[in-house]
Each structure stands twice: as C-alpha cells, then as structure tokens.
1. Return yes when Phe116 is among the aromatic types (Phe, Trp, Tyr) and under 22 Å from Ile33 (Cα atoms) and no when it is not.
2. Would you check if there is a residue in the range 10-33 being in contact with a helix residue (DSSP H, G or I) (Cβ under 6 Å, 6 or more places away or on another chain), buried (at least 17 other Cβ atoms within 10 Å of the Cβ) and part of a strand (DSSP E or B)?
3. I need the full set of residues from the range 109-149 which are more than 17 Å from Ser80 (Cβ to Cβ), of a type in the set (A, V, I, L, M) and modelled with pLDDT of 90 or more, in order please.
4. Would you point out the residue of the range 34-44, among those that are open to solvent by less than 50 Å² (accessible area, probe 1.4 Å) and more than 12 Å from the chain's Cα centre (by Cα), that is modelled with the highest pLDDT?
5. What are the residues in the range 45-62 that are in contact with a strand residue (DSSP E or B) (Cβ under 9 Å, 6 or more places away or on another chain), part of a loop (DSSP other than H, G, I, E, B) and either modelled with pLDDT of 90 or more or among the hydrophobic types (A, V, I, L, M, F, W, C) (or both), if any?
6. What about Val129, is it among the β-branched types (Val, Ile, Thr) and part of a loop (DSSP other than H, G, I, E, B)?
7. Does Val65 count as assigned to a loop (DSSP other than H, G, I, E, B) and touching a Leu at 6+ places or on another chain (Cβ under 7 Å)?
8. Taking into account only those residues within the range 63-74 that are of a type in the set (Ser, Thr, Tyr) and under 14 Å from the mean Cα position of the chain (by Cα), which is surrounded by the fewest Cβ atoms within 10 Å (Cβ to Cβ)?
Amino acid sequence: VGPILYDHADPSIFTVLTSPSETPGTANIDFVIFPERWLVAENTFRPPWYHMNVMSEFMGLIYGVYDAKTGGGFVPGGMSLHNTMLPHGPDMDAFEKASNVELKPHKLEGTLAFMFETRFPQKVTAFAVETESLQKDYASYGHKLKKHFNPNQR
C-alpha cells in the first residue's frame, strides 16, 4: 500500500483500526501503523510534507528510524504529539536527503512506527512535561531549514 506515481500518501491508508464519527472525513480515533514499505513515487518529495491537520496526531517509534525525523531526537520508544492545526513536517536532515536523493525504488526496512489520530485535541500530562526524557528542543527542528521561497520569482 502506498503512492505509486507521485506525492506522499495520506497516512489513513495505513489505518488498521478506526472508530468513525458522524462527521465525514474525521474519526473519533484511528490506529495507524507505518511498517516496512517500498517508496516508489516518481518526481516528488517522498516523506510527509509540511502540513497541519484537523486531526490530532500522537506518534510513536517502536524501532528503526522514522523517515521524516532522521536527524536524531525521535528515537525508538519516543513519541510526539501534533495537536489539531499545529504545523509540522520533516526535520532538516530528512528534507535535504529527500530533496537530493536519486528517486529510484527504495525500501524502508527495519522500521516500525505507529500513530493514533483523533478529531479531539489532546492534553499533555504534568508528568510528561516534567520527565527528564522530554526533548525540550523538539519544536525547534524546523529552525535549521533553509528558506527557498522567493515571492518575486514567477
């Protein structure tokens, strides 16, 4: 399962369990896994792009490396929370690699991540905020990205 010609597929294609809501396009909660898989899309950026969702994403890495966070920090046993409408995307290492790699078929091996996606905003507990293993600089992963946008270029 995955995109064949272009673009990163919506993660919902990897949903293994869902609790649908009365609102089309949203779920009470989805359980999603990201197993080993082939990346074969042509002429495109393969990792998850920079985006915001109407759903909250709680992700965890069981083993291996997650393809959008290759620069360290998101390690096995680690988790991240991107609440509703919070912008997020690949770190600089993943962006640079994906922007410059030869786009031939590539198999992501030795990796397994999961995600709970819900239409409800999530709250972080005081314990989670105060734990020593909290990656306090997580939100700064995008600061190293180079700006390429030129509003004068047409």
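The values are calculated or read from the model by the stated rules, or taken from the named source; none is laboratory data. Because the structure is predicted, anything quoted here is derived from the model rather than measured. Note that we place each Cβ from the backbone using ideal geometry, even for glycine, and neighbour counts take in every protein chain shown. The protein model used for the area step is the full one, side chains on, heavy atoms only, and it has no ligands, DNA or RNA in it. Shrake-Rupley method; radii C 1.70, N 1.55, O 1.52, S 1.80 Å.
1. Working: among the aromatic types (Phe, Trp, Tyr): yes; under 22 Å from Ile33 (Cα atoms): yes.
Here the answer is yes, as Phe116 does meet what is asked.
2. Yes; the residues of the range 10-33 include at least one that is in contact with a helix residue (DSSP H, G or I) (Cβ under 6 Å, 6 or more places away or on another chain), buried (at least 17 other Cβ atoms within 10 Å of the Cβ) and part of a strand (DSSP E or B).
3. Matches in the range 109-149: Ala126 only.
4. Within the range 34-44, the subset open to solvent by less than 50 Å² (accessible area, probe 1.4 Å) is 34-35, 37, 39-41, 44.
Cutting the leftovers down to more than 12 Å from the chain's Cα centre (by Cα) gives us 35, 37, 39-41, 44.
Values: Pro35: 93, Arg37: 90, Leu39: 87, Val40: 88, Ala41: 85, Thr44: 84.
Among those residues, the one meeting the criterion is Pro35.
5. Met52, Met55
6. Values: among the β-branched types (Val, Ile, Thr): yes; part of a loop (DSSP other than H, G, I, E, B): no.
No: the conditions fail for Val129.
7. Working: assigned to a loop (DSSP other than H, G, I, E, B): yes; touching a Leu at 6+ places or on another chain (Cβ under 7 Å): no.
Criteria not met by Val65.
8. Step one: list which residues in the range 63-74 are of a type in the set (Ser, Thr, Tyr), which gives 63, 66, 70.
Still in the list and also under 14 Å from the mean Cα position of the chain (by Cα): 66, 70.
Numbers: Tyr66: 24, Thr70: 19.
Among residues in the range 63-74 that are of a type in the set (Ser, Thr, Tyr) and under 14 Å from the mean Cα position of the chain (by Cα), the one surrounded by the fewest Cβ atoms within 10 Å (Cβ to Cβ) is Thr70.
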